[in-house]
């Protein structure tokens with residue numbers, strides 16, 4: 001079983017829709033949860049970052065972490081064609097020498113149709 | 001501009017010919033890491049470094065070497081490349097390790113024939 005599971009999609013929605021992206025994980029030691037966005041032929045860029053359980057909002061984006069269910073989500077409101085990209089969840093835990101290992105989900109390819 | 005710079009962006013080589021992919025960051029980050037990205041497998045960590053002269057294996061280290069002689073540079077070395085190392089490679093750096101998120105380079109697409 002993978003440490004982090006993410007539905008690879010692809011996911012295609014009309015412009016203006018609310019998008020929900022999700023990941024589940026098995027390692028209860030994970031404390032830091034991130035969402036990265038990756039455009040074609042580019043490196044991943046950090047989109048949202050949360051520590052432990054709870055919600056975090058940044059403009060049209062909301063990240064949600066439920067540690068009891070080992071489940072994280074990213075919501076995109078009023079989706080735009082420019083949001084079309086692959087979204088990767090990632091998480092890490094403190095090790096002996098720091099939170100050096102970042103484990104990624106497989107990535108969900110999202111297309112927003114005008 | 002704060003960035004992670006990888007070179008080359010594209011590389012085609014033959015089996016067994018040693019190669020080095022360079023990585024440099026200008027943010028004075030402690031942590032650096034190499035990942036490979038393959039369809040259906042996502043991003044997998046190859047090696048990481050917590051500081052100068054401190055490195056450790058990630059999930060898929062076989063066939064790769066790294067060194068960290070300077071804080072800003074973290075080259076990835078393939079001593080004897082094989083076709084199964086054909087992949088998209090990313091270097092990344094972070095101030096706090098995974099806790100603060102990583103800044104990624106633009107990637108190196110390697111093809112081994």
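The values are calculated or read from the model by the stated rules, or taken from the named source; none is laboratory data. Computed from a predicted model, the values in this text were never measured in an experiment. Cβ coordinates were reconstructed from backbone atoms using ideal geometry, including for glycine residues, and neighbour counts include every protein chain displayed.
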I'd like to check something: does the range A:98-109 contain any residue that is more than 8 Å from chain B (Cβ to nearest Cβ), surrounded by fewer than 21 Cβ atoms within 10 Å (Cβ to Cβ) and either modelled with pLDDT of 90 or more or closer than 20 Å to residue B:103 by Cα (or both)? yes
Inside the range B:53-76, can you point out the residues that are at pLDDT 90 or above, part of a loop (DSSP other than H, G, I, E, B) and surrounded by 15 or more Cβ atoms within 10 Å (Cβ to Cβ)? B:60, B:61, B:64, B:67, B:68, B:71, B:72, B:74, B:75
Might you let me know whether the range B:38-48 holds any residue that is within 12 Å of another protein chain (Cβ to nearest Cβ), surrounded by fewer than 17 Cβ atoms within 10 Å (Cβ to Cβ) and over 19 Å from residue A:38 (Cα atoms)? no
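To keep it simple, each residue is scored yes or no on (1) closer than 25 Å to residue B:40 by Cβ; (2) more than 14 Å from chain B (Cβ to nearest Cβ); (3) modelled with pLDDT under 95.
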| site | (1), (2), (3) |
| --- | --- |
| A:3 | yes, no, yes |
| A:9 | yes, no, yes |
| A:13 | yes, yes, no |
| A:19 | yes, yes, no |
| A:29 | no, no, yes |
| A:51 | no, no, yes |
Matching residues, the range B:15-52, being free of Cβ contacts under 8 Å to residues at least 40 places away in the same chain and closer than 19 Å to residue B:70 by Cβ: B:47, B:48, B:49, B:51, B:52
Do you know which residues across the range B:78-97 are free of Cβ contacts under 8 Å to residues at least 60 places away in the same chain and either more than 10 Å from chain A (Cβ to nearest Cβ) or surrounded by 21 or more Cβ atoms within 10 Å (Cβ to Cβ) (or both)? B:84, B:85, B:86, B:87
When you go through (1) modelled with pLDDT of 95 or more; (2) over 10 Å from the mean Cα position of the chain (by Cα) one by one for residue B:30, which number turns out not to apply? (1)
Filtering the range A:46-67 down to residues that are surrounded by 14 or more Cβ atoms within 10 Å (Cβ to Cβ) and assigned to a strand (DSSP E or B) yields A:46, A:47, A:48, A:49, A:50, A:56, A:61, A:62, A:63, A:64, A:65
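Considering each residue of the range A:31-45, count those that are part of a loop (DSSP other than H, G, I, E, B) and closer than 17 Å to residue A:19 by Cβ, and give that number. Give the steps one after another, and end with the answer.
So the first thing to find is which residues in the range A:31-45 are part of a loop (DSSP other than H, G, I, E, B), and the list is A:31, A:39-44.
Cutting the leftovers down to closer than 17 Å to residue A:19 by Cβ gives us A:39.
Adding up the residues that qualify gives 1.
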So which residues in the range B:28-37 are part of a loop (DSSP other than H, G, I, E, B) and either closer than 18 Å to residue B:107 by Cα or away from chain A (no Cβ under 11 Å) (or both), if there are any at all? B:28, B:29
